[in-house]
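Notes follow once the structure below has been shown.
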Amino acid sequence: MNEKLLIAKMVQEINGSVDKDIVIMEVCGTHTQSIAKYGIWDMLSPNIKLVSGPGCPVCVTDKKYIDMAVSLSQKEDVIIATFGDLMKVTGTISCLSEEKSTGKDIRIIYSPIHSIQLAKEFPNKKVVFLAVGFETTAPLIGKIIMMAREQNISNLFFLTSLKLMKPILIEILNDKSNCIDGIICPGHVATIKGSTYFSFITNDYNIKSVVSGFEPLDIISGIYLIMQQCKGNVYGHNRNLYKRCVKEKGNHIANKILEEVFDHKDGNWRGIGMISNSAMIINNEYEDFDAEKNFYFNDLPEIKEDKCICRDILLGKKIPVSCKLFGNQCTPQHPVGACMVSSEGTCGIYYRYRKEG
Amino acid sequence: MCLAIPAQIKSIEGAYGEAMYLGVVQRVNIELIESPSAGDYILIHAGFAIEKIDEDGYVELERIMRCLLEECDSYE
């Protein structure tokens, strides 16, 4: 069947089957962007609430991390290497974009592989890569650290803000005020960790869940299956609808790298707070590459919290238009909170696709 | 942030492969996937192949992207 016809048919059945409010959460910025870009919000009955959870690692990178990166950029012998979407995330006083405009050596790179190239090209400098991401990105960081060890590279460091999806999902599901009926699980986190990584959502919390890809048919299929599970038409256990990319146990090479290089500890999620065992940190075996252990950070400013409602937005309790700063004091050009900065941040997506709410 | 795109490995040299998607060629690290070969279809994230994908899945993704690109062109 033609894909458009298939989507139309499923949307018709989804909307026809709704007899009460249904809340479906996705926890991946790429899903949020796809839902907005393909107009999926507008296809569905107003009784189906698609909410976004904390699925954008840039959005949950705390101010202290940015302040540490800014502090490092002040050192004349340091080159900061970063993904582009971190440039405008605000710290307490400044952001990387502002610091670059004053001449600090801050370079946007596409892949962490390029941080090794920079370290080799500038042996008299210390290259610090800002390693931000979830389970999808962490194995790449781990691999680069292992490569740097093998190649005896001593001037490459990593300032990590690597986070785990499972602990934050547990935090959200333990909050009974959330009333979530279904969760669309992030397809590329599942590519690394396996589809069974998210089985706990249904097994422990009896909430419907699917692992979904990012095309319109993938997302509509995920919503369709969650609705069928809610109606009892289909047995409700975690389903993998992204089989072309996701295996049951994930990528075992990537998972071995995670075990080899990282430990877990409590992590601070911007706007949300400390979440137990949610951060991946470089372990003692590779501490020579850990920027936190190899640089002094004694000039950090006192943290002042944002005035925006990022916490409620990240936890899916409110939408960006509810924030009094949205669209006036907080815009993509002049962001206040991190959710407005990243192309996958909920506020940035709403600003581009749904300013009116 | 977890964006990943499909591609096909055209050639391999050591730990890296030249991978192509919609005519664009990119050099990617292939050490995170098992037994990579020229002709394999892969998922690329930030310069690394993170999984092999089956041909049907790749063909479908490419078809969808071409449709979307044609839709965009028709608005110009």
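Among the residues of region A:188-201, the ones that are more than 14 Å from chain B (Cβ to nearest Cβ) and either open to solvent by 10 Å² or more (accessible area, probe 1.4 Å) or among the charged types (D, E, K, R) (or both) come to 3 in all. Of the helices (runs of 4 or more DSSP H) that lie entirely inside region A:123-206, those containing 3 or more residues that are without any contact (Cβ under 8 Å) to a residue 60 or more places away in the chain span A:138-150, A:165-174, A:200-205.
If you go through region A:202-219 and keep only what is more than 22 Å from A:I253 (Cβ to Cβ) and either within 14 Å of chain B (Cβ to nearest Cβ) or within 19 Å of the chain's Cα centre (by Cα) (or both), you end up with A:S209, A:V210, A:S212, A:F214, A:E215, A:P216, A:L217, A:D218, A:I219. The residues on offer are A:G232, A:G273, and the sole one that is under 22 Å from A:I22 (Cα atoms), small (G, A, S) and without any contact (Cβ under 8 Å) to a residue 40 or more places away in the chain is A:G232. Just checking, does region A:176-187 include any residue being more than 10 Å from chain B (Cβ to nearest Cβ), touching a helix residue (DSSP H, G or I) at 6+ places or on another chain (Cβ under 6 Å) and within 21 Å of A:M87 (Cα to Cα)? No, because not a single residue in region A:176-187 is more than 10 Å from chain B (Cβ to nearest Cβ), touching a helix residue (DSSP H, G or I) at 6+ places or on another chain (Cβ under 6 Å) and within 21 Å of A:M87 (Cα to Cα).
Under the condition of being within 14 Å of chain B (Cβ to nearest Cβ), among the polar types (S, T, N, Q) and open to solvent by 10 Å² or more (accessible area, probe 1.4 Å), the residues counted in region A:46-96 number 1.
Set side by side, the residues A:I282, A:I272, A:I257 differ, and just one is among the β-branched types (V, I, T), surrounded by 13 or more Cβ atoms within 10 Å (Cβ to Cβ), within 18 Å of the chain's Cα centre (by Cα) and within 27 Å of A:E171 (Cα to Cα), which is A:I272. One residue alone among A:I272, A:I349 is in contact with a Lys or Arg (Cβ under 7 Å, 6 or more places away or on another chain) and either closer than 27 Å to A:S94 by Cβ or small (G, A, S) (or both), and that residue is A:I272.
The values are calculated or read from the model by the stated rules, or taken from the named source; none is laboratory data. Predicted model only: the values in this text are computed from it and were never measured. FYI the Cβ positions are ideal-geometry reconstructions off the backbone, even for glycines, and counts take in every protein chain you see. These accessible areas exclude ligands, DNA and RNA; they are computed on the full protein's heavy atoms, side chains included. Shrake-Rupley method; radii C 1.70, N 1.55, O 1.52, S 1.80 Å.
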